[in-house]
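K.L.:
Structure below; questions to follow.
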Amino acid sequence: MFLALGDQALLRLHRGYNIPSATNRNLDQQYAGSLKVLEKIGRLAYQLQISDYWKIHDVFSIAQLESAPAPRSDV
C-alpha cells in the first residue's frame with residue numbers, strides 16, 4: 001500500500017486505544033477516520049492529522065492504515 005501526502009487514510013483500531021469518538025461499549029468500531037496524511041516517516045510509518053483530544057501519538061505503522069475510499073458524489 002502506498003499513501004501520498006494529503007491522502008485520506010483509515011486507522012485500524014486495536015484494543016487499548018482510547019479514542020472518545022470511536023469508543024462504544026456495545027459496538028466496537030474497527031476503523032477510525034478518514035484522517036489526512038501529513039508526512040511519511042521512514043519506510044513503514046506515516047504521521048496523520050488527528051484530534052488533540054484522542055490523546056494518542058500521531059505516527060502509525062503502515063500495518064494499521066488503510067486507504068480511505070474516495071468520497072461519493074451523489075449528483
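K.L.:
Consider the range 46-63. How many of its residues are among the aliphatic types (A, V, I, L, M) and not in a helix (DSSP H, G or I)?
P.N.:
First, the residues of the range 46-63 that are among the aliphatic types (A, V, I, L, M): 48, 50, 56, 59, 62-63.
Of the ones still in play, those that are also not in a helix (DSSP H, G or I) are 48, 50, 56, 59.
Final tally of qualifying residues: 4.
So that you can scan it fast, the table gives a plain yes or no per residue for (1) modelled with pLDDT of 90 or more; (2) under 12 Å from the mean Cα position of the chain (by Cα):
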residue	(1), (2)
R15	no, no
S21	no, no
A32	no, yes
G42	yes, no
Y46	yes, yes
S51	no, yes
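The values are calculated or read from the model by the stated rules, or taken from the named source; none is laboratory data. Values in this document were obtained by computation on a predicted structure and should not be read as measured data.
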